[in-house]
Amino acid sequence: MAEPTGSASPAIADRNGRPRLHRTRHDHSVDPFLSAQRDAAQLRVALCGHWRAAHFDDIESALNSLELTGVRRATIESGAAEMDLAGAWLLREFMRRADQAGVEVGFAGADPPMLRLLSRCLAGEAPDETREVHWIAPATAVEEAVEDIGRRTVHGVRDARVALRFLGEVTLGLGRILLHPSRLRPISIARHIYDTGITAVPIVALIAFLISVILAYLGEGELRQYGATILVVDLVTIGVLRELGVLLTAIILAGRSGSAFAAEIGAMQLNEEVDALETIGVDPVEALVVPRLLGLTIALPLLTLVADLIGLAGGGVLCHVLLDMPTAQYLHRAQGAIASTTFWVGIIKAPIFAGLIAMAGCFNGMCVRESSRELGRRTTLAVVQAIFCVILADALFAVLFLRLNI
Amino acid sequence: MRTMLEAHGIVNRFGAQTVHNGLDMQVYEGEIFGIVGGTGAGKTVLLRTLLGLQRPEAGSVRFLGRDPHSLSPAELTALKASYGVTFQQGALFTSLNLKQNVQLPMLEHLRLPARALDELAVLKVCLVGLPPDAADKYPAQLSGGMVKRGALARALALDPILLFLDEPTSGLDPIGAAAFDELLLYLQKQLQLTVVMITHDLDSIFRTCNRVGVIVDGHMISDTLDGIMHNPHPWIRAYFQGERARQRRRPHGA
């Protein structure tokens, strides 16, 4: 488009007075891009029209349709064509093909300036040997496999060392704050409690309610066979308080806040803001990681409390609806079902989970380097690692509590 | 001389602050047009308006006499293929290497065979004065000056007739900036480009620009370089007659 047809024609007209397309006896082809004239072993090609990238296919097929067999000499006249670099590249390809076919190629008049520019670029500044370097002999399948194993091992070891180092830095940062409480950043921590905690209350409450609904329905269906529907109360209360309240809250926060931590810090890395902090003399771990870690460690237990309460309330509503159980009876039964430790067994896990989520998010954010794709990959990794670590830790807790008979 | 690009009565406001208040400008074919203005005068906003990234509150922009908003989607795509843009920070896609960055517009707008795509991309990289092996590097591996040139290579990917440059020499050392100016003049001549350039660099203006448009008080005063030097407006006088400007003009004999 924006092809200045208006200006093109005068430019063409004043070069040589004759018409752009001239039909002659021996015409091989006439089309918008070239006209060819064959005289025994002589081929005259006159270029015309817009030799631009937009018409690449058409120009290429026009050039390919030129018959070169039996031609000894080809003369190209390019004055009437308006050429860009893609057009010049096509012309150069044609000239190379003609050269290989043993045809002597020359220009009538000057060669097109674009072709000159192209040749100068490709020849002068890009000699062929420099471009060959990138096609190093292709590796065989075995070599590739060995190389792959080696690379993965090296990367694995390097990542483990980086992670260990990060863990150490965070520990040191926490230690410094413990020694000098004035280095604590309460405003930043408050912001993270708000972002990760208070704004998450609606979604956590909703999911806790739905989980108690699922548990109650599932339990009611199964326990009815034994005439023990009253045990639905035990199932809901123990299930929510011990496991599901804290686990689901942690998983929600892993998806919600773990990803946010990674993306925030990662974007700062890309923007060199982290480096800027360091040069100003602010420890990035202290300024970015510790407030997030502490904020989440405060927010997650509080959210677990919300989830527990809503879960229990949801269980009460469901028992009322499903089993016609009065609320007073639900509360009485619930008190009987849960031991004094049941609630604490659940809530004690919350700060641990919070630590795992915050560390996974912040670590992956800090690892972002160089590209926006890396940012996306690290954010995904942060969530996956956080959820995996939370569930693994929960399993370990289950074994631990079993051994402790809690 | 054909008018390549024109803007009429552009009004841009941010809240109570009026940035452009009926701004007019014309860019003629084959010239290098410099846009100058104080910080916050709305140079980048003007560029975004010209490019259609931001719709002005009033006024119109025309490319070769045609309003982009009246074009069909296909015509608009074709229009976009006819101009190239470099942004202040380069805006190279960080997840792609330089060659892939240059190839992206080609893949989007053209159907080229793989070999042509490869060679043309490397060609564009060479054209902006980078070594061919820079084509395989990622933006993070390039120096600031190389990123600027790489961004120029991407802007040239579709052989545009019009080039927009947002502070192309900012952040370059004087030698690098001077080399960039020469590159721009060379390419402008070889590829018959029309260039619209936002710049703060007085050297750049004196070396490359045919005409200069100064944004003052929400309007644009545009004139030839000589004309603008003798403009009585106080800000323009301060800009072009200041000590820094006077020192720079001397070597060129202006």
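Before moving on, here are some points about what is shown:
- Of everything listed in (1) of a type outside the set (Val, Ile, Thr); (2) under 13 Å from the mean Cα position of the chain (by Cα); (3) crowded, with 18+ Cβ neighbours inside 10 Å, the single unmet condition for B:His200 is (3).
- Those residues of segment B:192-222 which are touching a residue at least 60 places away in the same chain (Cβ under 8 Å) and in a helix (DSSP H, G or I), in sequence order: B:Ser204, B:Ile205, B:Thr208
- Annotation note: of A:Val289, A:Val282, the sole residue that is among the β-branched types (Val, Ile, Thr) and either touching a Leu at 6+ places or on another chain (Cβ under 7 Å) or closer than 18 Å to A:Thr196 by Cβ (or both) is A:Val289.
- Selection within segment A:140-166 - open to solvent by 90 Å² or more (accessible area, probe 1.4 Å) and under 28 Å from A:Leu294 (Cα atoms): A:Arg158, A:Arg161, A:Leu164, A:Arg165
- Scanning segment A:217-237 for residues that are touching a Gly at 6+ places or on another chain (Cβ under 6 Å) and either outside any helix (DSSP H, G or I) or in contact (Cβ under 8 Å) with a residue 40 or more places away in the chain (or both) turns up A:Val232, A:Val236.
- Tallying residues that are within 14 Å of chain B (Cβ to nearest Cβ) and in contact with a Lys or Arg (Cβ under 6 Å, 6 or more places away or on another chain) within segment A:250-284 yields 1.
- Residue-level check: of (1) within 14 Å of chain A (Cβ to nearest Cβ); (2) free of Cβ contacts under 8 Å to residues at least 40 places away in the same chain; (3) exposed (fewer than 15 other Cβ atoms within 10 Å of the Cβ), B:Arg2 misses just (2).
- In segment A:306-329, the residues that are free of Cβ contacts under 8 Å to residues at least 60 places away in the same chain form Cβ pairs under 6 Å with partners that are crowded, with 17+ Cβ neighbours inside 10 Å, at six or more places apart or across chains, as follows: A:Gly316/A:Tyr330; A:Thr327/A:Gly316.
- The criterion of at least 3 residues that are at pLDDT 80 or above and within 14 Å of chain B (Cβ to nearest Cβ) is met, among helices (runs of 4 or more DSSP H) falling completely within segment A:1-106, by A:56-64, A:85-100.
- Any hit, segment A:304-315, residues being modelled with pLDDT of 90 or more, open to solvent by less than 60 Å² (accessible area, probe 1.4 Å), in contact with a Leu (Cβ under 6 Å, 6 or more places away or on another chain) and farther than 23 Å from A:Leu178 by Cα: yes
- Residues that are more than 14 Å from chain B (Cβ to nearest Cβ), part of a helix (DSSP H, G or I) and more than 20 Å from A:Glu286 (Cα to Cα) are absent from segment A:354-376 altogether.
- Restricted to segment B:68-179, the set of helices (runs of 4 or more DSSP H) holding at least 1 residues that are within 26 Å of A:Glu272 (Cβ to Cβ), within 14 Å of the chain's Cα centre (by Cα) and away from chain A (no Cβ under 11 Å) comprises B:144-155.
The values are calculated or read from the model by the stated rules, or taken from the named source; none is laboratory data. None of these values were measured; they are calculated from a predicted model. Ideal geometry is used to build each Cβ from the backbone, glycine not excepted, and the neighbour counts take in all protein chains shown. Surface areas here come from the heavy atoms of the whole protein model, side chains and all, with no ligands, DNA or RNA. Shrake-Rupley method; radii C 1.70, N 1.55, O 1.52, S 1.80 Å.
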